[in-house]
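Have a look at the structure below before the remarks.
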């Protein structure tokens, strides 16, 4: 039951933050590319990498990974919006931006998670 509450608390913070960051970032770009969703997904991937690396090193308790990684980062990042926005770009005829979104989101997201894990390993080795 405690685990569910930790996930809920993290999610309650991450979800509205995702919305506000997404809107703030997107409002600053006059392009079809979904910079807001891209930004929160990359930031969340990097943070999750740091938290997971810290937990794996024994420097962070499992509860921090639960509330911060699963709850907060899980709500901050959004695969559903990524999917929707990519399909929307295809439907709008923007194959360049839809391809760019797909390739960059996957590559940079994985890179960000790896960088977070690497940073955590360097800090807590």
**Meets criteria (in contact with a helix residue (DSSP H, G or I) (Cβ under 8 Å, 6 or more places away or on another chain) and under 15 Å from residue 120 (Cβ atoms)) for residue 48** = yes
**Conditions (1) under 20 Å from residue 36 (Cβ atoms); (2) more than 17 Å from the chain's Cα centre (by Cα); (3) exposed (fewer than 15 other Cβ atoms within 10 Å of the Cβ): number failed by residue 83** = (2)
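Any read-out appearing in this document is the output of simple, stated calculations on the displayed coordinates, not a laboratory observation. These figures come from a predicted structure and were not determined experimentally. Cβ coordinates were reconstructed from backbone atoms using ideal geometry, including for glycine residues, and neighbour counts include every protein chain displayed.
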